[in-house]
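J.: Please read through the structure below; I'll follow up with questions.
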Amino acid sequence: MSGQLRFEILGPQRAWYADREIDLGPGKQRAVLAVLLLSAGRPVSTGQIVDAVWPEEPPANGPNVVQKYVAGLRRVLEPDRSPRTPGQVLSLTDAGYLLRVNPEAVDAVRFERGVQAARQRHAAGRTEQALSEVATALDLWQGEPFTGFTGLLFEAARQRLVELRAVALETRAELTLDLGRHRETVGELVELVAEFPVRERLRHQLMLALYRSGRQAEALAAYREFGDLLREEYGIEPGEALQELHRRILRSDPTLAKPSTEPETPQPVAATVPEPAPSVVAPPGLIPTQPGPAAPAVVSAPSPPLLLPPPPMSPPPPATGTKPARRQAPHWASRTVTILGTALVLLSFGCLTWLVILAYAGWRRSWRLAVAGVGYLALLVVEVTMLDIENPDAEVPGPEAVTFLGLALITWLAGAVHVVLLSRGLWEAITGRPDSARGRADEERRIRREHARYLLYHYPAARAELGLGRPDLPRTFDDGGLVDVNAVPEQVLTALPGLTPEQSRQIVVDRWLRGPYASMEELAARCLLPPSATEPLRDLLLFLPPASRPDEARTHGS
């Protein structure tokens, strides 16, 4: 049965049994299947499924809800199975739910293996076959993966797959240039540069294609445009490889006129696509992958040029095609939101409190605030009914007057206080920035970590040049306290919150014996770390592939 199943996650989530498409059911059931596909061949505990599918508000009876969706998946994945027969495709083990499918049945696995095969054929000098392989792999893409799914697990998996697609696009352009098809590559590279404006490898390929097409001036203009972008937005210069290409174009270097046996484009660390493990769909899944060099995740694969200035206080916007970081709006906007909401309540004498609260409820998608807004509206209705509008001169009895006054104060003054508190809470929810001096130091470190991750994502050389994630090395760049768990020594790990000296020693020993870690989930599974140890580390740890030979990486880690 499992041999006839096929799954697509590179775009809209779909599944087939032989030639018949399967109805995967409601959204949460699809999310449960996506979690199991990310760890196909490995058991996933119920708690991990709940955390991944309901990251913000998990249901009170989470295990029962997961069991219901698993039962629904079994019905559609194994329609011929009798209710009392154990599942063959999706079964329950002591460690959790296990999805047994052929890795090649998942399009993401075929995509990764296709890109890896293309790189191997290219290294062997079979460029035509390599180009065919990578083109076939890219044809599997139907859109952004995991659309409609939220949470850290899906976000990490989505970013990793998007990064691998960008690497595959760069590889295809490199192969096309090596075959001498410069003119036909220019148009595609222009589109890719617009989609990924700060990927230096694509700029390198575009300049090379323009120069070899007899468009030297346009190649130099492309360099100036990229340099202006980096200086204006991030205060940095293009990398050394791109500067060297610019100098060679300026002097019309004859060796650039035709492809050489060695690729001209710089090879960033992130461009190395590892061979996927036989039973694992995506390394950022819930269960550890096979040891070996890890593929770039959303925080792996870093690099800026030499001598970068200190980062700005707000992280730069990410390139098109990647998930944008939460935007840090100006501080005055928080006060503006508070003033407008409070003024509307005060000037209407509480008559519009319900409207302001319902507006916040819609913004934050909170049913509790919606109930509060309806409550304010009910109080207003009671106030109106207590007023004798047809006989305004009539005296209001004493008890009713006190009740009316109390209700009016609740909808007016208490409503104004409620709006002030909501404005501060909403501001923190939107921007991630605490609107108080108490949290500004933590917020500054968080912003620096975001900036450092951004540099790692787009400029792989930053890892070595700035010592990102290496507090044990001499450096001047502040990365906000990031730690590369695959490179730092034991004493650095011991200083991290939540880790005991014994756990730190275990991490280093396991890293030396079995290779680097690819994700927080793999680290927790291999070293048996409890959630109390891993949760404080999620914002601090980097899981970068080894920067040099495996034996050197192990030496640094021991």
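The values are calculated or read from the model by the stated rules, or taken from the named source; none is laboratory data. Since the structure is predicted, the reported quantities are computational estimates derived from the model, not experimental observations. Because the Cβ atoms are built from the backbone with ideal geometry, glycine has one as well, and the counts that use them run over all protein chains shown. Note: areas computed on protein heavy atoms with side chains; ligands, DNA, RNA excluded. Shrake-Rupley method; radii C 1.70, N 1.55, O 1.52, S 1.80 Å.
J.: Check E155 against each of (1) closer than 15 Å to L208 by Cβ; (2) open to solvent by 20 Å² or more (accessible area, probe 1.4 Å) and name the one condition it does not meet.
T.: Unmet condition: (1).
J.: Check A524, A464, A487 and return the single one that is among the aliphatic types (A, V, I, L, M), farther than 20 Å from D442 by Cα, modelled with pLDDT under 90 and buried (at least 18 other Cβ atoms within 10 Å of the Cβ).
T.: Only one candidate passes the filter, namely A524.
J.: Hey, can you tell me all the residues within region 355-378 that are among the hydrophobic types (A, V, I, L, M, F, W, C) and at pLDDT 80 or above?
T.: L355, V356, I357, L358, A359, A370, V371, A372, V374, L377, A378
J.: Ok, one more. Those residues that are outside any helix (DSSP H, G or I) and at pLDDT below 65, I need them from region 379-411; list them, please.
T.: Matches in region 379-411: D388, I389, E390, N391, P392, D393, A394, E395, V396, P397.
J.: Of the numbered conditions (1) more than 23 Å from V44 (Cβ to Cβ); (2) assigned to a helix (DSSP H, G or I); (3) not acidic (D, E), N486 fails exactly one; give the number of that condition.
T.: (2)
J.: For L164, work out the one condition from (1) under 21 Å from V50 (Cα atoms); (2) touching a Phe, Trp or Tyr at 6+ places or on another chain (Cβ under 8 Å); (3) in a helix (DSSP H, G or I) it doesn't fulfil.
T.: Among (1) under 21 Å from V50 (Cα atoms); (2) touching a Phe, Trp or Tyr at 6+ places or on another chain (Cβ under 8 Å); (3) in a helix (DSSP H, G or I), L164 violates only (1).
J.: Scan R100, R110 and give me the residue that is of a type in the set (K, R) and more than 23 Å from R165 (Cα to Cα).
T.: Residue meeting the stated conditions: R100.
J.: Pairs, please: C-beta under 8 Å, at least 6 apart or cross-chain, first residue in a helix (DSSP H, G or I) and in region 222-245, second open to solvent by less than 40 Å² (accessible area, probe 1.4 Å) and basic (K, R)?
T.: The qualifying pairs are A222/R203; Y223/R203; F226/R203; L242/R203.
J.: Return yes or no: is V89 at pLDDT 90 or above and touching a strand residue (DSSP E or B) at 6+ places or on another chain (Cβ under 8 Å)?
T.: Answer is no for this residue.
Each row is one residue, and each column tells you yes or no for (1) in contact with a helix residue (DSSP H, G or I) (Cβ under 8 Å, 6 or more places away or on another chain); (2) of a type in the set (V, I, T); (3) under 20 Å from R14 (Cα atoms).
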residue	(1), (2), (3)
P103	yes, no, yes
L140	yes, no, yes
G143	no, no, yes
H182	yes, no, no
A194	no, no, no
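J.: Are any residues in region 467-484 among the basic types (K, R) and buried (at least 18 other Cβ atoms within 10 Å of the Cβ), and if so, which ones?
T.: Correct list: R470 only.
J.: Oh, and also: Looking at T176, T185, T171, T147, which one is under 16 Å from the mean Cα position of the chain (by Cα) and among the polar types (S, T, N, Q)?
T.: The match here is T147.
For (1) assigned to a strand (DSSP E or B); (2) among the charged types (D, E, K, R); (3) in contact with a His (Cβ under 6 Å, 6 or more places away or on another chain); (4) open to solvent by less than 40 Å² (accessible area, probe 1.4 Å), each residue gets a yes or a no:
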residue	(1), (2), (3), (4)
R6	yes, yes, no, no
W16	yes, no, no, yes
R30	no, yes, no, no
I49	no, no, no, yes
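J.: Looking at (1) open to solvent by 30 Å² or more (accessible area, probe 1.4 Å); (2) at pLDDT below 50, which one does A294 not meet, given that it meets all the others?
T.: Evaluating A294 over (1) open to solvent by 30 Å² or more (accessible area, probe 1.4 Å); (2) at pLDDT below 50 leaves (1) as the failure.
J.: What number of residues in region 93-106 are more than 23 Å from R526 (Cβ to Cβ), among the aliphatic types (A, V, I, L, M) and not in a helix (DSSP H, G or I)?
T.: Result for region 93-106: 2.
J.: Further question on the same structure: Out of all the residues in region 57-81, which are aliphatic (A, V, I, L, M) and open to solvent by 40 Å² or more (accessible area, probe 1.4 Å)?
T.: Within region 57-81, just A60 meets the criteria.
J.: Just checking, does region 126-145 include any residue being of a type in the set (F, W, Y) and open to solvent by 10 Å² or more (accessible area, probe 1.4 Å)?
T.: Checking region 126-145: at least one residue is of a type in the set (F, W, Y) and open to solvent by 10 Å² or more (accessible area, probe 1.4 Å).
J.: Quick check, is A547 at pLDDT below 85 and open to solvent by less than 50 Å² (accessible area, probe 1.4 Å)?
T.: For A547, the condition - at pLDDT below 85 and open to solvent by less than 50 Å² (accessible area, probe 1.4 Å) - is not met.
J.: Listed residues R201, R183; which is touching a residue at least 12 places away in the same chain (Cβ under 8 Å), of a type outside the set (S, T, Y), open to solvent by 50 Å² or more (accessible area, probe 1.4 Å) and part of a helix (DSSP H, G or I)?
T.: R183
J.: Still on this model: Kindly provide the set of residues from region 490-510 that are open to solvent by less than 50 Å² (accessible area, probe 1.4 Å) and over 20 Å from G467 (Cα atoms), ordered by number.
T.: G498, L499, Q503, S504, I507, D510
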